[in-house]
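Notes for the one structure printed next.
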Amino acid sequence: MIEIRGLAKSFGDLRVVRDVSFVAQDGEITGLIGPNGAGKTTMFRLICTVLRPDRGTTLIDGIDAQRDSLAARRRLGVLPDIRALYTRLTAREHLRYFGELHGIPGKELDRRIDQLVETLRMEDFIDRRAKGFSRGQQMKVALGRALVHQPHNIMLDEPTNGLDVATSRAVRDLLRQLRAEGRCILLTSHIMQEVAALADRIVILSGGHIVLQGAPAELRRATGLADLEEIFMAATQEAAAEPALAAGN
Amino acid sequence: MSAILTVFKKEMVDHLRDGRSILVSMIYPLMGPLLLGMMFFFVGGSMRLSDTGPLVVPIVNGESAPDLVRFFAKEGARVEPLLGDARTLVIGGRVAFALILPERPNPTPQKALAVRLLTNPSRFDSIVATSRVVQMFDAYRRDTLGERLRGAGLSPDMMDVLDVAQENIGRSAGPAIILLTMIPPFLIFTLFTGGVHVALDTTSGERERGAFEPLMINPVRRYEVLAGKLGAVIVFTLMALASQVVAFWVMLHVVPEASLGLVAPPSALRLLLVVSVCLPLVVLAAATQLLISAVTRSMKEAQTYLGLLPLVPGLAGMVLALAPVRAQPLLATIPTFGQTLLMGQLVRNEAVSVVFIGITAVATLTATGLLLVLGFRLYEREGILFPQ
């Protein structure tokens, strides 16, 4: 479970995240959506302790991420927006590298890599160097290294960005499978249909604060709108027009 | 520790597959020995030839001083009439020097013979040949004066005022020694360039590509990641150093001894001692590169400063090669300077002071420690992970 309490972050005079609080539950997919510049990526970086918040707390399975960042990171698997593979390493070497950084011993690591190869259908390129990989292949390697240590909590930043239909579908199926295993999944996406299809809970960020959050049915009731895209546009435009916040716990 | 080893292993595998890293660490260092070897061969060889072969004396109006011409021939020189403009031929290097005698014989034999000697000190062969012909002038002067004293009933021994016995106790002779003392600055230069591509790529390069962030999401401390990367930079620097030292050793044994002008080139053991003096600098160089990559905002900016960095110690070394200074303890406290002095002594087969070595090592390691602490602290900054 990922619990965010009163998180805030500024860069100089720019307040990027303002008093954000929400919970991403186990066995659920939580969608974090918002316009460009809303603070989604900064939120991700705060949660995985790459950035330090000015205020607030992040709890990963009850572990305070600021007090014990290493323990928190062990329970997190993160697919960042920029995949940034090492072009001279093979896909297998990527998974092995990140697995070793998580302290997974040799034989067990090999077994997990083989499992991931099968799950992510990487057989064709697992022993090829990453130079020249397609977007889909890059995403699979990046996802593989986020999952190699079998984290309970998984964060994905734009997981289907630039992918073809078949690969996007495969990613969605995988996320449903991980949810069924009881894992906590937090993802961001600009594709409203995807969020609507996957998310059990939605958090809408705008201007660094939460403007609306809840299950899709709750959001429809609250706004009187049926389509998630309409809900999103209404919430973010309202937030842009008025200074009042509509944050919930 | 295992995180450090994991990162180190990955960086080694990654960069051993990188053509540029191999080029910079294994091939570029060979340029120094190749260049120095060619200099030894051509410069040293031509000076040997100028020094040992028969002296050619290009002369204008030789018929006006037949006695002098006969003396040159008696001394084994080859007198040749100079055809063409003497200045042009000397400046152009066609002749080492030109001797211009008066058009008519000296009307008063007791009066000094006016001789014009045109030389070109910008050429090594001219310097050597001029030195030889001036020695012949001294011999002719002494010979002629001796005859005149005998003619006057006096002993030629009256000319002997001093009896100087010069004893050359150096191991080397000629300009080869200057070229030999250029080896240390080449080594210093390699220390600061051998691992630079790896240093740049693993720090500024990864930051620009956005690869630092996914790496730091793992349960590793930043100093562990940096230590692993530093290890890889150190290994590539050592590879460059080894490559260059082996090439120097080969060069010193392939270039003809006549060109080297050395009594004996430095042995393999001596060269190993030279390398051991350099070792503290390997870590200093890597730490400096890490620091520069931390404070610069982009890979291009880091490349600019890292490109200039080797010039600082390298130039100091070049100056020392041409104007050697005594190895004083105070100089040992300056990293790279102390090592350059020590290496110069070792390649010249001179004795070195253990105290000097100790001071140099301690000073360098202290500076390295400070740079590493500063570098690691800078990498704790938040923004360091992200492209600018």
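The values are calculated or read from the model by the stated rules, or taken from the named source; none is laboratory data. What you are looking at is a predicted structure, and each value in this text was computed from that prediction instead of being measured. Ideal geometry is used to build each Cβ from the backbone, glycine not excepted, and the neighbour counts take in all protein chains shown.
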Q: Only helices (runs of 4 or more DSSP H) wholly contained in the range A:65-122 count here; list those with 3 or more residues that are more than 8 Å from chain B (Cβ to nearest Cβ) and of a type in the set (A, V, I, L, M, F, W, C).
A: A:106-119
Q: Kindly indicate whether residue A:150 is of a type in the set (S, T, N, Q), in a helix (DSSP H, G or I) and either more than 14 Å from chain B (Cβ to nearest Cβ) or within 21 Å of the chain's Cα centre (by Cα) (or both).
A: no
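For the range A:4-60, how many residues meet the condition of being assigned to a strand (DSSP E or B) and either surrounded by 17 or more Cβ atoms within 10 Å (Cβ to Cβ) or aliphatic (A, V, I, L, M) (or both)?
Applying the first criterion (assigned to a strand (DSSP E or B)) to the range A:4-60 yields A:4-11, A:14-24, A:29-33, A:55-60.
Now restrict to residues that are either surrounded by 17 or more Cβ atoms within 10 Å (Cβ to Cβ) or aliphatic (A, V, I, L, M) (or both): A:4, A:7-9, A:14, A:16-18, A:20-24, A:29-33, A:56, A:58-60.
Selection size over the range A:4-60: 22.
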Q. Which residues, counting only those in the range A:123-147, are basic (Lys, Arg), surrounded by fewer than 21 Cβ atoms within 10 Å (Cβ to Cβ) and away from chain B (no Cβ under 14 Å)?
A. A:135
Q: Filter the range A:191-235 for residues that are of a type in the set (D, E, K, R), more than 19 Å from residue A:24 (Cβ to Cβ) and in a helix (DSSP H, G or I) and give the result.
A: A:220, A:221, A:229, A:230
Q | Residue pairs meeting the criteria (Cβ under 6 Å; at least 6 apart or on separate chains; first among the charged types (D, E, K, R), in the range B:291-305; second not in a helix (DSSP H, G or I)) | A | B:297/B:388
Q.
Return the residues of the range B:128-169 that are touching a residue at least 40 places away in the same chain (Cβ under 8 Å) and under 30 Å from residue B:348 (Cβ atoms); say none if nothing qualifies.
A. B:128, B:129, B:132
Q: Find all pairs meeting these conditions: Cβ atoms under 6 angstrom apart; at least six residues apart or on different chains; first residue within the range A:177-203 and in contact (Cβ under 8 Å) with a residue 12 or more places away in the chain and over 17 Å from residue A:38 (Cα atoms); second residue surrounded by fewer than 16 Cβ atoms within 10 Å (Cβ to Cβ) and of a type in the set (Gly, Ala, Ser).
A: A:182/A:27; A:201/A:215
Q. Within the set of pairs 6+ apart or on separate chains, which have a first residue in the range B:28-51 that is at pLDDT below 90 and among the β-branched types (Val, Ile, Thr), a second that is surrounded by 17 or more Cβ atoms within 10 Å (Cβ to Cβ) and not in a helix (DSSP H, G or I), and C-beta atoms under 8 Å apart?
A. B:43/B:175
Q. Does the range B:191-208 include one or more residues that are within 14 Å of another protein chain (Cβ to nearest Cβ), surrounded by fewer than 24 Cβ atoms within 10 Å (Cβ to Cβ) and of a type in the set (A, V, I, L, M, F, W, C)?
A. no
